[in-house]
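Novice: One structure follows; several queries about it will come next.
The values are calculated or read from the model by the stated rules, or taken from the named source; none is laboratory data. Because the structure is predicted, anything quoted here is derived from the model rather than measured. Cβ coordinates were reconstructed from backbone atoms using ideal geometry, including for glycine residues, and neighbour counts include every protein chain displayed. For accessibility, only protein heavy atoms count, side chains too; no ligands or nucleic acids. Shrake-Rupley method; radii C 1.70, N 1.55, O 1.52, S 1.80 Å.
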Amino acid sequence: MRTGSWLRVHCSLMFIPLILSSQTPAHTDSSTAKSIPIQAMRATEIITVDGMLQEQVWQRPGYGEFKQQRPFEGAAPMQRTEVWVAYDDEALYVAARMYDTAPDSIMKMLARRDQDFTADWFAFYVDPYHDRRSGNYFALSVSGSVVDGTLYNDDWDDNSWDGVWEGRAHIDDQGWTAEMRIPFSQLRFKQQDAYVWGVNFRRSIGRFYERDFVVYRPNKESGFVSRFPDLLGLERITPARGIEVLPYVTTRAEFLHAQTNDPFNSGSKYLPGVGADFKMGLGSNLTLDGTINPDFGQVEVDPAVVNLSDVETFFQEKRPFFIEGANTFSFGQGGSNDFWGFNWGDPDFFYSRRIGRAPQGGLPSHDFAEVPTGVHILGAGKLTGKIIDGWNIGMVHAVTSREYANLESGGIRSRAEVEPLTYYGVARAQRDFNDGLQGFGVISTLTSRSLGDAALRDQLSSNALVVGVDGWTFLDSDKTYVITGWGGLTSVHGSTTRMTALQRGSRHYLQRPDSKRFHVDSTATSMTGFAGRFTLNKQKGSFLLNAALGVIDPRFEINDLGFIWRTDVVNYHVAGGYKWTDPTGWYNSINLMFSIFGSTNLDGETIWRGYWTSSNWTLPSFYSVRIAYAYNPYSFDARSTRGGPLMLNPVGWEIDLNFSSDSRKSVVADFFGMIYQGGGGQQINGGLDIQFKPMPNLSVTVGPSLNRNRGGAQWVGSYSDPGATRTFGTRYIFADFSQTELSANIRLDWTFTPELSLQLFAQPLISSGAYTKFKEFLAPRTFDFQVYGTNGSSIKPVPDGVGGISGFEVDADGPGPATAYAFSNPDFSYKSLRGNAVLRWEFRPGSALYVVWTQSRSDSETMGEFQFNRSFSRLWQAKPDNIFMLKFTYWWPM
């Protein structure tokens, strides 16, 4: 709940086993591998990419020095592999022959682009800049599925980039073959007379769970791109400087649930659209991406969430314009291959979902309203690449339109501005020095709003500036120990009303009455804050070491264009462990980890602390098990009273359990479970994801989960009462709380061909919460409450007129002088069903046709009891919203 579940390990390769393993590849003797260059040959004939390898350029002896990375590190592969590289004026060609003594056992699976699954694969990695830290990868399965992406930070990868390239595979009596054509327009490199690039190759044999590389990263070391052998022989080629245009046409039909007599919603709406994206090479090092009248509609819906906390829900970015190349703007995580965190949330300096989000302005009183679901993006541009002396740069500029809501009240129509004209800008630069031993970077974001409306001036900041620096330095030439760090400053400006609301908001809580150092300044027209963190990580060896110290000032504010969960925290941890990576008869790998961690606020009060241990086991059967335990001594909670005084956090403990079965099988199961006991309550979470693969091209995943939360101090509300002297003139109301939430993620992936696929996704959710024993917080730094209706206090239900309870009226001293307070019944029963279907046909490289159907329906009641049958029936009877969309895109290289 607060410890093991807060452990965030940012080694992205851990989570992309298809591409780099658990991971990233390496080799037993990197110096030997680097000394064996691979020769590219210029093609003298047209190469037809069909997987048959009939061209003359493939008839020469290939390169075949592969070694296992898994399951037996450094061993000879179980099957032989040969690879070749060729080129012409337009493209790079890669061919591979995967010999197999049992061709009928080759593991054939077919799935949509960039989907991770266990099968037979061939992958090619290339570092065109030869900076030994970055590059691209291209992977092809035996059935023709493709995966591609970028390499960065030497060890990490990102599959958000989708290049335009070709790949074909073919099975014969010797095994199978793969052939790729990668246009130079998809790669970025400096123009030279002769080129030296870094390259690597990988073969995956699904039935053996084997991965073979030319060079791989040993399990106890770090560094992947830096190990690549050289590719020689490239001459007289020119980096592409052309323009790629991707025009699109959409038509959208919305059939939405409408209120009776709603003048703005007849129940149906038709919205045609046209626009274009473009990509332009600026010289050989920079790429400009732009969009005109962009279509930023999401293909997959966001999940439904019942959020009872004071923290904003974070949703992943799903719009291609923003996710492609997002690692360019990654901040604070260079140099190290591992970042841990315990009850620490790294500020996200650039959270692209702020651009084009739902309008933020409030509405005046009205009977009916028509509010845009998202702010229209007038235009956006992105510049990425390398400039002088190896600096990696990235910039994003976007302008969103002024938006209005149409209103009707008493038969009179009007409109209100709900979002101002806004500019968003991001700039990032980063460079490494001394062969990656040190690195330095800067980032800056700017949000500037044209606040012409008086009401919006008191709701939104006029401008927000964020600047940050980050970097790393290794402590030794072998790159075993590395210190990384970052620091940031923020400056937000606005009216006194806006700045006061910001200071009192849930991210800052500067109004806390028992704070020693921080208070609300109601005359302020700006707010400035700082944050930073330093991490020490051991990159190599069996022994693990990771330590960090971070601080976030309570006035630090980045949420105009970034994302932060909380402020006013000084967080630290010291963690270690040991890993066994040499397979035996009873395990393939084991790691054991432990940590001491804690947090204080900037007043020096301990707001969280604990001890944590975890162990992960991978068995010879390729089943895996993880178990973790954490113990939390008492501390103080600065957030439960939501701007009020500190509350005692009682002792707690947590157990986590995860289990995964062999991904090669036709049925794959993943189980997770968690129990947290503490804070006056108990939380139990559990879930099971089961993937069925009845055919090589069909996958069905069903993932039910159950969450039961029993709490002794759930927030209800607060009100002023001068008689509440012990709690600084405010009474804080809590309740015992019982919540049951049942949900599921259901997904079907049906891939007819590598170019044609159907995806279905559905998420049903039922969540009910009952509030009982309403009570008042008695004194700071305690966990003491007075239940209303005892010791002279009173509580009176307020009937709703139809046999239910609409609210309650409470009085701390009954007939005494204390102020009474009324509040609505907080019990709830919320049901939701969200889903969509996407048919995608890539009829030519880079060009596609999408047919999308999205449906959502929901229902809510003021009822706290969990009743599955009743909830399911009401959800089924709820009127749905249906959206149908047709989108046609065409890739046009110029």
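Novice: Take MET885 and tell me if it is on the phi < 0 side of the Ramachandran plot and buried (at least 16 other Cβ atoms within 10 Å of the Cβ).
Specialist: It is true that MET885 is on the phi < 0 side of the Ramachandran plot and buried (at least 16 other Cβ atoms within 10 Å of the Cβ).
Novice: Right, next: Here are some conditions: (1) open to solvent by 30 Å² or more (accessible area, probe 1.4 Å); (2) closer than 28 Å to GLY711 by Cα. SER621 meets all but one. Which one does it not meet?
Specialist: Among (1) open to solvent by 30 Å² or more (accessible area, probe 1.4 Å); (2) closer than 28 Å to GLY711 by Cα, SER621 violates only (2).
Novice: In the range 187-205, which residue that is of a type in the set (D, E, K, R) and not in a strand (DSSP E or B) is nearest to VAL142 (Cα to Cα)?
Specialist: ARG188
Novice: Can you confirm whether PHE752 is at pLDDT 95 or above, over 24 Å from the mean Cα position of the chain (by Cα) and over 30 Å from LYS108 (Cβ atoms)? It would help to see each step written out before you state the result.
Specialist: Values: at pLDDT 95 or above: yes; over 24 Å from the mean Cα position of the chain (by Cα): yes; over 30 Å from LYS108 (Cβ atoms): no.
So PHE752 does not fit the description; no.
Novice: Give me a count of the residues in the range 186-203 that are within 29 Å of the chain's Cα centre (by Cα) and open to solvent by 10 Å² or more (accessible area, probe 1.4 Å).
Specialist: 2
Novice: Something else: In the range 666-696, what residues are at pLDDT 95 or above and in a loop (DSSP other than H, G, I, E, B)?
Specialist: none
Novice: Return the total of residues in the range 127-144 being within 12 Å of ALA178 (Cα to Cα) and more than 24 Å from the chain's Cα centre (by Cα).
Specialist: Qualifying residue count for the region: 5.
Let's see how each residue does on (1) touching a Lys or Arg at 6+ places or on another chain (Cβ under 8 Å); (2) of a type in the set (Phe, Trp, Tyr); (3) open to solvent by 20 Å² or more (accessible area, probe 1.4 Å):
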{"residue": "THR606", "(1), (2), (3)": "no, no, yes"}
{"residue": "TYR611", "(1), (2), (3)": "no, yes, yes"}
{"residue": "ILE627", "(1), (2), (3)": "no, no, yes"}
{"residue": "GLY644", "(1), (2), (3)": "yes, no, no"}
{"residue": "PRO650", "(1), (2), (3)": "no, no, yes"}
{"residue": "GLU654", "(1), (2), (3)": "yes, no, no"}
{"residue": "LEU657", "(1), (2), (3)": "yes, no, yes"}
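Novice: Let me ask something else. Would you pick out the residues in the range 53-71 that are open to solvent by 40 Å² or more (accessible area, probe 1.4 Å), over 23 Å from VAL126 (Cβ atoms) and touching a residue at least 12 places away in the same chain (Cβ under 8 Å)?
Specialist: GLN56, the sole residue that qualifies.
Novice: Which residues, taken from the range 102-130, are of a type in the set (Ser, Thr, Tyr) and either under 22 Å from ASP230 (Cβ atoms) or without any contact (Cβ under 8 Å) to a residue 40 or more places away in the chain (or both)?
Specialist: TYR125, TYR129 - these are the residues of the range 102-130 that are of a type in the set (Ser, Thr, Tyr) and either under 22 Å from ASP230 (Cβ atoms) or without any contact (Cβ under 8 Å) to a residue 40 or more places away in the chain (or both).
Novice: Would you mention how many residues in the range 382-410 are surrounded by fewer than 16 Cβ atoms within 10 Å (Cβ to Cβ) and touching a residue at least 60 places away in the same chain (Cβ under 8 Å)?
Specialist: Looking only at that region, the number is 2.
Novice: Just the residues that are among the small types (Gly, Ala, Ser) and farther than 30 Å from GLN511 by Cα, please, taken from the range 602-641. Show your work before the answer.
Specialist: Pass one, the range 602-641, residues among the small types (Gly, Ala, Ser): 604, 610, 614-615, 621, 624, 628, 630, 635, 638, 640.
Listed by number, the residues that qualify are SER614, SER615, SER621, SER624, ALA628, ALA630.
Novice: A follow-up question, please. Name the pairs whose Cβ atoms lie under 6 Å apart, with the first residue in the range 681-696 and in contact (Cβ under 8 Å) with a residue 40 or more places away in the chain and crowded, with 18+ Cβ neighbours inside 10 Å, the second part of a strand (DSSP E or B) and charged (D, E, K, R), and 6 or more positions between them or separate chains?
Specialist: GLY681/ARG710; ASP689/ASP670
Novice: Scan the range 72-89 and report the pairs whose first residue is over 30 Å from LYS220 (Cα atoms) and free of Cβ contacts under 8 Å to residues at least 60 places away in the same chain and whose second residue is open to solvent by 40 Å² or more (accessible area, probe 1.4 Å) and of a type outside the set (Phe, Trp, Tyr), with Cβ atoms within less than 6 Å and a gap of 6+ or a chain change.
Specialist: From residues that are over 30 Å from LYS220 (Cα atoms) and free of Cβ contacts under 8 Å to residues at least 60 places away in the same chain, the pairs are ALA86/MET41.
Novice: Next up: In the range 133-141, is there at least one residue being under 29 Å from PHE752 (Cβ atoms), of a type in the set (S, T, N, Q) and open to solvent by less than 10 Å² (accessible area, probe 1.4 Å)? It would help to see each step written out before you state the result.
Specialist: Here is the first cut: in the range 133-141, the ones under 29 Å from PHE752 (Cβ atoms) are 136-141.
Cutting the leftovers down to of a type in the set (S, T, N, Q) gives us 136, 141.
After this cut, where a residue has to be open to solvent by less than 10 Å² (accessible area, probe 1.4 Å) as well, the list is 141.
Yes, because at least one residue in the range 133-141 is under 29 Å from PHE752 (Cβ atoms), of a type in the set (S, T, N, Q) and open to solvent by less than 10 Å² (accessible area, probe 1.4 Å).
Novice: Quick one: in the range 221-237, which of the residues that are open to solvent by 40 Å² or more (accessible area, probe 1.4 Å) and over 27 Å from the mean Cα position of the chain (by Cα) is modelled with the lowest pLDDT?
Specialist: ARG236
Novice: With respect to ASP155, is the statement that it is touching a residue at least 60 places away in the same chain (Cβ under 8 Å), in contact with a Cys (Cβ under 9 Å, 6 or more places away or on another chain) and more than 18 Å from ASP114 (Cα to Cα) true?
Specialist: Numbers: touching a residue at least 60 places away in the same chain (Cβ under 8 Å): yes; in contact with a Cys (Cβ under 9 Å, 6 or more places away or on another chain): yes; more than 18 Å from ASP114 (Cα to Cα): yes.
Spelling it out, ASP155 is indeed touching a residue at least 60 places away in the same chain (Cβ under 8 Å), in contact with a Cys (Cβ under 9 Å, 6 or more places away or on another chain) and more than 18 Å from ASP114 (Cα to Cα).
Novice: Also, I was wondering about something else. Can you tell me which residue is farthest from ASP172 (Cα to Cα) among those in the range 34-52 that are touching a Lys or Arg at 6+ places or on another chain (Cβ under 8 Å) and buried (at least 20 other Cβ atoms within 10 Å of the Cβ)?
Specialist: So, considering only residues that are touching a Lys or Arg at 6+ places or on another chain (Cβ under 8 Å) and buried (at least 20 other Cβ atoms within 10 Å of the Cβ), the one farthest from ASP172 (Cα to Cα) is ILE47.
Novice: I've got another one for you. Return the residue satisfying two criteria in turn: it lies in the range 206-236 and is in contact with a helix residue (DSSP H, G or I) (Cβ under 6 Å, 6 or more places away or on another chain) and either of a type outside the set (D, E, K, R) or assigned to a strand (DSSP E or B) (or both), and of such residues it is nearest to PHE66 (Cα to Cα). Even if it seems obvious, please write down each step before you answer.
Specialist: Of the residues in the range 206-236, the ones in contact with a helix residue (DSSP H, G or I) (Cβ under 6 Å, 6 or more places away or on another chain) are 207, 215, 227, 229.
Filter once more, keeping what is either of a type outside the set (D, E, K, R) or assigned to a strand (DSSP E or B) (or both): 215, 229.
Details: VAL215: 7, PRO229: 12 Å.
Among those residues, the one meeting the criterion is VAL215.
Novice: In the range 262-280, what count of residues is obtained for those that are out of contact with any Leu (no Cβ under 8 Å at 6 or more places or on another chain) and either closer than 30 Å to ASP131 by Cα or touching a residue at least 60 places away in the same chain (Cβ under 8 Å) (or both)?
Specialist: 3
Novice: Further question on the same structure: Can you pull out every residue in the range 452-484 that is open to solvent by less than 20 Å² (accessible area, probe 1.4 Å) and either of a type in the set (Ser, Thr, Tyr) or without any contact (Cβ under 8 Å) to a residue 60 or more places away in the chain (or both)?
Specialist: Correct list: SER461, THR484.
Novice: Another question, if that's okay. Hey, among ARG857, ARG870, ARG844, ARG874, which residue is basic (Lys, Arg) and open to solvent by less than 40 Å² (accessible area, probe 1.4 Å)? Steps first, please.
Specialist: On the way: ARG870 fails: open to solvent by less than 40 Å² (accessible area, probe 1.4 Å); ARG844 fails: open to solvent by less than 40 Å² (accessible area, probe 1.4 Å); ARG874 fails: open to solvent by less than 40 Å² (accessible area, probe 1.4 Å).
That would be ARG857, the only listed residue that is basic (Lys, Arg) and open to solvent by less than 40 Å² (accessible area, probe 1.4 Å).
Novice: Give the residue, chosen from SER661, SER666, that is open to solvent by less than 40 Å² (accessible area, probe 1.4 Å) and small (Gly, Ala, Ser). So that I can check it myself, show each step before the final result.
Specialist: Numbers: SER666 fails: open to solvent by less than 40 Å² (accessible area, probe 1.4 Å).
Unique residue meeting the criteria: SER661.
Novice: Continuing with the same structure: Is it true that some residue in the range 791-808 is crowded, with 18+ Cβ neighbours inside 10 Å, in contact (Cβ under 8 Å) with a residue 12 or more places away in the chain, of a type in the set (Gly, Ala, Ser) and not in a strand (DSSP E or B)?
Specialist: Yes: one or more hits.
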